[in-house]
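**Q** Take this structure, written in structure tokens, and hold onto it; I'll ask about it next.
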Amino acid sequence: HLDAPADMIFPENVKLFLPSHLSRENQTLPRACKEGLPDVETRLREAECYDALDDLRCALRTRSAGLLFQVRNVSGQTSTTRAEGHQHRVLINVNLVKLRYRWSRNALFLLKGHSDWERQLKILEDKHVSGINERMLSAREEAE
């Protein structure tokens, strides 16, 4: 996109007005929303939630493994700074995935409302997001 004219519109920048952006009443109007489109977006958002959760698990495993590697193998100022930079990038990825899940879940809620799907795709709070060794450490700290 570097050599493109400044006024050119790219497909990835076009806002899609999907059914979750409309009120429930407008989703049923034929002019506002094509029949079947809310069902398609519902499947899309549900899959996006599960993908985000998988990506979150992967990012948390990466963070835990990076911390373990850093404790065992990193010494010296340069190496420590580099390792901390890597951990910072992993933390940014964790936060982006959390936002993606929350956004997708919110869109799914706007489409389906309260129902059985909420048993599996629960609200994700910051306190729920931690690596497995981090949970063990905080439980130990609470016990002391």
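**Q** What shape does the range 32-81 take by its C-alpha gyration tensor, where a ≥ b ≥ c are the square roots of the eigenvalues and a/c under 1.5 counts as rounded, a/b above b/c as prolate, and the rest as oblate? Can you show the working numbers first?
**A** Details: a/c = 11.59, a/b = 4.22, b/c = 2.75.
It is prolate, given that a/c is not under 1.5 and a/b is the larger ratio.
**Q** Also: Just the number please: accessible area per residue for the range 48-89, 1.4 Å probe, all protein chains included, in Å². Spell out each step's value before the answer.
**A** On the way: 2910 Å² over 42 residues.
Per residue, the range 48-89 has an accessible area of 69 Å².
**Q** Still on this structure, I have one more. DSSP loop (so not H, G, I, E, B), at most 10 other Cβ within 10 Å: list which trypsin sites (Lys or Arg not before Pro) in the range 29-100 pass both filters.
**A** On the way: sites: 31, 34, 43, 45, 57, 61, 63, 72, 82, 89, 98, 100; in loops: 31, 34.
For trypsin sites (Lys or Arg not before Pro) across the range 29-100 that sit outside H, G, I, E and B with at most 10 neighbouring Cβ atoms in 10 Å, the list reads 31, 34.
**Q** Might you work out the accessible area of residue 55 for me, using a 1.4 Å probe with all protein chains in place, and round it to the nearest 10 Å²?
**A** Surface open to solvent at residue 55 totals about 70 Å².
**Q** Then there is this: Multiply the residue separation of residue 80 and residue 67 by 0.36 nm, subtract the distance between their alpha-carbon atoms, and state the gained length in nm to one decimal. Before the final figure, lay out the partial values.
**A** Values: separation 13, 0.36 × 13 = 4.68 nm, distance 1.10 nm.
My answer for the length gained is 3.6 nm.
**Q** Could you check the spin-label model distance between residue 88 and residue 12? Points 7 Å from the Cα along Cα→Cβ, value in nm.
**A** It works out to 2.4 nm between the two label points.
**Q** Along the charge dipole of the range 35-76, Cβ charges K/R +1 and D/E -1, which of 47, 58, 73 sits furthest on the positive end?
**A** Working it through, the farthest residue towards the positive pole turns out to be 73.
**Q** Which entries of 15/98; 34/122; 34/112 show an alpha-carbon separation above 19 angstrom in the structure shown? Can you show the working numbers first?
**A** Working: 15/98 22 Å; 34/122 29 Å; 34/112 17 Å.
Violating the 19 Å limit, Cα to Cα: 15/98; 34/122.
The values are calculated or read from the model by the stated rules, or taken from the named source; none is laboratory data. This structure is a prediction, so every number in the text was calculated from the model and none was measured. Neighbour counts are summed over all protein chains in view; Cβ atoms, including those assigned to glycine, are modelled from backbone coordinates with ideal geometry. In case anyone asks, the SASA skips ligands and DNA or RNA and just uses the protein heavy atoms, side chains included. Shrake-Rupley method; radii C 1.70, N 1.55, O 1.52, S 1.80 Å.
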